[in-house]
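Asker: There's a structure below that I have some questions on.
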């Protein structure tokens with residue numbers, strides 16, 4: 001199976017990553033609104049922050065790669 005054929009175009013990937021980042025932000029906002037977080041919620045808060053950071057890094061990498069390809073082309 002050709003993995004490149006199954007790859008989303010960069011703009012679609014970026015859009016998908018942006019949606020994921022937004023979803024994690026919304027989930028995190030719900031937790032932040034609470035006056036007290038249980039241990040489980042605290043762990044979830046940390047998990048969501050890490051996921052957001054991972055997505056942010058992926059977005060930066062995709063965008064810089066997209067920028068470089070546009071410059072070369």
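Yes/no matrix, rows are residues, columns are (1) in a helix (DSSP H, G or I); (2) at pLDDT below 95; (3) loosely packed, with under 12 Cβ neighbours inside 10 Å:
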site	(1), (2), (3)
21	yes, no, no
26	yes, no, yes
31	yes, no, no
37	no, no, no
41	yes, no, no
47	yes, no, no
58	yes, yes, no
62	yes, yes, no
66	yes, yes, no
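Asker: Could you give every pair whose Cβ atoms fall below 7 Å, whose first residue belongs to region 43-55 and is closer than 13 Å to residue 25 by Cβ, and whose second residue is not in a helix (DSSP H, G or I), counting only separations of at least 6 or pairs across chains?
Answerer: So the pair list comes out as 45/37.
Asker: A follow-up question, please. When you scan region 7-19, how many residues do you find that are in a helix (DSSP H, G or I) and touching a helix residue (DSSP H, G or I) at 6+ places or on another chain (Cβ under 8 Å)?
Answerer: Selection size over region 7-19: 6.
The values are calculated or read from the model by the stated rules, or taken from the named source; none is laboratory data. The structure displayed is predicted, hence computed values, not measured ones. For neighbour counting, all protein chains shown are included, and Cβ atoms are generated from backbone atoms with ideal geometry for every residue, glycine included.
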